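Enquirer: Here it is, the structure in full.
The values are calculated or read from the model by the stated rules, or taken from the named source; none is laboratory data. As the structure is a prediction and not an experimental result, all values here were calculated from the model. Note that we place each Cβ from the backbone using ideal geometry, even for glycine, and neighbour counts take in every protein chain shown. Heads up: the accessible areas ignore ligands, DNA and RNA and are worked out on the full protein's heavy atoms, side chains in. Shrake-Rupley method; radii C 1.70, N 1.55, O 1.52, S 1.80 Å.
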Amino acid sequence: MPDFLVPHAQRRSPTRARPRRGADSRAALLGHLDTWAPGIGVAAIWLATLAAALFSPDLVTGSQQEHFPLVGALGWLWAAVATGYVLMAGRAGDWDGAARSGAGGFVLSVTAVWATTAVASIFAPSLVTGTDPTRIPLVAMLVPLAAMAVTGFICLHTTTSRPSLS
């Protein structure tokens, strides 16, 4: 009799060894990590951006030595683009647990990139020029742009390295 005519209860399923209890809990943990990976990545991006905006050196210019929080004014733009990358990578994934997605490596990579960005933005020296010393936080301005590009590559790798279900 053809398989599509056999009722579900009468079908024979292949015998599988029952997984151990530890394997079940690990699979559940990986499933939860797959679900939360985009959110954790976005949180890492915005926490690093907030830290950089609050603690990075200001642009100091003019004879009155006016301070302008340039990193805080520009950093959110690159964080928003990186957030879009992470959310698109999360949307493109197969989050049903059919195949491992590498969510742990994804979260770790995005977190490492943006934590490094925050540390570099805060502790890198400023460029000092002129007789009225103008201080330009050049590294703090460029590092979020580089982190946004690296985040894009991480997301591209994550979405293209997953096995297809077709």
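Enquirer: Hey, can you tell me all the residues within segment 71-96 that are surrounded by fewer than 18 Cβ atoms within 10 Å (Cβ to Cβ), in contact with a Ser or Thr (Cβ under 9 Å, 6 or more places away or on another chain) and more than 18 Å from CYS155 (Cα to Cα)?
Expert: Answer for segment 71-96, where residues must be surrounded by fewer than 18 Cβ atoms within 10 Å (Cβ to Cβ), in contact with a Ser or Thr (Cβ under 9 Å, 6 or more places away or on another chain) and more than 18 Å from CYS155 (Cα to Cα): GLY72, TRP76.
Enquirer: Give the residue, chosen from ALA82, ALA112, that is modelled with pLDDT of 95 or more, within 17 Å of ALA147 (Cα to Cα) and touching a helix residue (DSSP H, G or I) at 6+ places or on another chain (Cβ under 6 Å).
Expert: None of the other options fit; the residue is ALA82.
Enquirer: Report, by residue number, each residue of segment 121-153 that is modelled with pLDDT under 95, aliphatic (A, V, I, L, M) and open to solvent by less than 30 Å² (accessible area, probe 1.4 Å).
Expert: The answer is ALA124, ALA140.
Enquirer: Checking PHE106 against (1) modelled with pLDDT under 95; (2) over 11 Å from the mean Cα position of the chain (by Cα); (3) open to solvent by less than 20 Å² (accessible area, probe 1.4 Å), which single condition isn't satisfied?
Expert: (2)
Enquirer: Could we say that ALA118 is within 19 Å of LEU77 (Cβ to Cβ), open to solvent by 50 Å² or more (accessible area, probe 1.4 Å) and at pLDDT 95 or above here?
Expert: Against the criterion (within 19 Å of LEU77 (Cβ to Cβ), open to solvent by 50 Å² or more (accessible area, probe 1.4 Å) and at pLDDT 95 or above), ALA118 does not qualify.
Enquirer: Restricting the search to segment 34-70, which residues are assigned to a strand (DSSP E or B) and closer than 30 Å to THR159 by Cβ?
Expert: Correct list: empty.
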